[in-house]
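Right, one structure below, let's go through it.
The values are calculated or read from the model by the stated rules, or taken from the named source; none is laboratory data. Given the structure is predicted, the values throughout are model-derived calculations rather than measurements. For neighbour counting, all protein chains shown are included, and Cβ atoms are generated from backbone atoms with ideal geometry for every residue, glycine included.
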Amino acid sequence: MDTEEFRLPRSQQANERLHALIPGGAHTYAKGDDQYPENLAPVISHGRGAHVWDVDGNRYLEYGSGLRSVSLGHAHPRVVEAARREIDRGSNFVRPSVLEVEAAERFLATVPTADMVKFAKNGSDVTTAAVRLARAATGRPRVAICGDHPFYSTDDWFIGTTPMSAGIPAAITDLTLTFPYGDLAATEELLTRHRGEVACLILEPATHTEPPPGYLAGLRELADRHGCLLVFDEMITGLRWSEAGAQGLYGVVPDLSTFGKALGNGFAVSALAGRRDLMELGGLRHTADRVFLLSTTHGAETHSLAAATAVLTTYTEEGITARLHAIGERLAAGVRAAAAGMGVGDHIVVRGRASNLVFATLDENRQPSQEYRTLFLRRLLAGGVLAPSFVVSSALTDTDIDRTVDAVAQACAVYRKALDAADPTPWLGGRAVKPVFRRRS
């Protein structure tokens, strides 16, 4: 399908309705229509497996499903059945459900490096709880985040460090420091300069680059030596790197870690896990000052915990992590071959672990380009591929990968024309896609 003929009139109307009633037109900024080519932001009707359908009736292969939370595919039968069974039995009670301890047992069996766990709904809930707990445990005010990683929380301690910091007092932002990924010397210098002030180091243990040899172990040693906690944000690495997350793969145990996304396969559930002596500060069986760790009305809804338990069981029994890597490796090889065949292999660059692939779109000077990203996304959409990333789900088949690679090849042919012209503008169809974090709309 040529993009000149590809239109989404019903999605356009639905986007207008969304913007009229919902600030930003979406409940997550990364899902906003500014992240997609102008007038080509599909509004989704439903999904099944690796496919979604928009309100215009188009079917797409979807990558990065649910912002990387749907790793088993949409409406996975085992997960849906587990959630449905609990909905029929009641979802929220005045006292804990037995499912809460069953879910905790299943989680801790999967992530044996942790002693205790507490569930919530969003990643932000548990990363902020980790920061609060670190401050309480150490008596220190400052937090050091890895500045090379894009997101930790919707709360002020992190958002104040982004271009969207309006409404956040400088006094709060000043308590958050940053350190570079992979640079132990710079991190040690930061901890030395703020000696006795830093409560924790928090980072994603890996992203689109593998940790340098000895890096995570070096951070562990630095944290111990400087008396601060080491916190791993495993929202993305959890389950996708190994069933036990990056800590299970690399063998470095943090004091606290946070999980979400793939944990619920689209259902709202997150987890804070860690050392017993730390986690118990948020409990009742100690004599120290109590920490308001996590206390949410909906954090232990039975259907979400049932979904998480089903996800963890499915990963363990069916070897899902290995399957994600195999699918990703096949996709990466196909995309790289298609790009090279069209002469754009140095401009469409696939990066990351096979279970968590992203792509960069580079211009004629090999610099990152939102304009070329727009061109690429337009052509993929016209080819039936909805791919803000190439993050795979286990529902993808060999046929799906072949179809994706065909769409990529067609997009690369147009990409080559734009590079030869040194101007992608004729192929954009409107304004370029925009970064999520920017000061002005």
Does the stretch 178-193 contain any residue that is buried (at least 19 other Cβ atoms within 10 Å of the Cβ) and closer than 24 Å to G260 by Cβ? yes
Subset of the stretch 162-177 [of a type outside the set (A, V, I, L, M), without any contact (Cβ under 8 Å) to a residue 60 or more places away in the chain and surrounded by fewer than 18 Cβ atoms within 10 Å (Cβ to Cβ)]: S165, G167, P169, T173, D174
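Please work out which residue is nearest to G123 (Cα to Cα), limiting yourself to the stretch 1-47 and to residues that are acidic (D, E) and touching a Gly at 6+ places or on another chain (Cβ under 7 Å).
Taking the stretch 1-47 first, the residues acidic (D, E) are 2, 4-5, 16, 33-34, 38.
Right, trim to touching a Gly at 6+ places or on another chain (Cβ under 7 Å) and you get 33, 38.
Working: D33: 23, E38: 30 Å.
Out of the qualifying residues, it is D33.
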The stretch 266-321, residues that are exposed (fewer than 13 other Cβ atoms within 10 Å of the Cβ) and assigned to a helix (DSSP H, G or I): R276, D277, E317
Within the stretch 63-108, residues being out of contact with any strand residue (DSSP E or B) (no Cβ under 7 Å at 6 or more places or on another chain), free of Cβ contacts under 8 Å to residues at least 24 places away in the same chain and under 22 Å from L249 (Cα atoms) number 1
Of the numbered conditions (1) of a type in the set (D, E); (2) modelled with pLDDT under 95; (3) closer than 22 Å to F267 by Cβ, E105 fails exactly one; give the number of that condition. (2)
Evaluate the following for D148: is it more than 19 Å from E204 (Cα to Cα) and among the charged types (D, E, K, R)? no
Among (1) within 25 Å of F437 (Cα to Cα); (2) in a helix (DSSP H, G or I), L190 falls short only on (1)
Name the residues in the stretch 332-351 that are surrounded by 16 or more Cβ atoms within 10 Å (Cβ to Cβ), under 27 Å from the mean Cα position of the chain (by Cα) and of a type outside the set (V, I, T), would you? A332, G334, R336, A338, A339, G345, H347
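Is the stretch 239-262 home to any residue that is of a type outside the set (K, R), in the same structural domain as R140 (by TED's automatic domain parsing), surrounded by 15 or more Cβ atoms within 10 Å (Cβ to Cβ) and free of Cβ contacts under 8 Å to residues at least 24 places away in the same chain? Explain how you work it out, then say what you get.
Of all residues in the stretch 239-262, those of a type outside the set (K, R) come to 239, 241-260, 262.
Next cut, in the same structural domain as R140 (by TED's automatic domain parsing) only: 239, 241-260, 262.
Narrowing further to those that are surrounded by 15 or more Cβ atoms within 10 Å (Cβ to Cβ): 239, 241-250, 252-260, 262.
The next check asks that each one be free of Cβ contacts under 8 Å to residues at least 24 places away in the same chain; those that pass are 249.
Yes.
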Determine whether V335 is outside the structural domain of F390 (by TED's automatic domain parsing), modelled with pLDDT of 95 or more and not polar (S, T, N, Q). no
Between S11, S45, which is more than 22 Å from the chain's Cα centre (by Cα), closer than 15 Å to L377 by Cβ and of a type in the set (S, T, Y)? S11
The stretch 261-288, residues that are farther than 24 Å from I202 by Cα and charged (D, E, K, R): R285
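Taking F376 as the residue in question, decide whether it is surrounded by 17 or more Cβ atoms within 10 Å (Cβ to Cβ), under 30 Å from E318 (Cα atoms), aromatic (F, W, Y) and at pLDDT 95 or above. Outline the logic, then answer.
Details: surrounded by 17 or more Cβ atoms within 10 Å (Cβ to Cβ): yes; under 30 Å from E318 (Cα atoms): no; aromatic (F, W, Y): yes; at pLDDT 95 or above: yes.
Here the answer is no, as F376 does not meet what is asked.
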Restricted to the stretch 193-216, and to residues that are in contact with a helix residue (DSSP H, G or I) (Cβ under 8 Å, 6 or more places away or on another chain) and in a helix (DSSP H, G or I), which residue is nearest to L230 (Cα to Cα)? L216
Please identify the pairs in which a residue from the stretch 429-440 that is closer than 9 Å to M164 by Cβ has its Cβ atom under 6 Å from the Cβ atom of a residue that is among the β-branched types (V, I, T) and in a loop (DSSP other than H, G, I, E, B), counting only partners at least 6 apart or on another chain. F437/T162
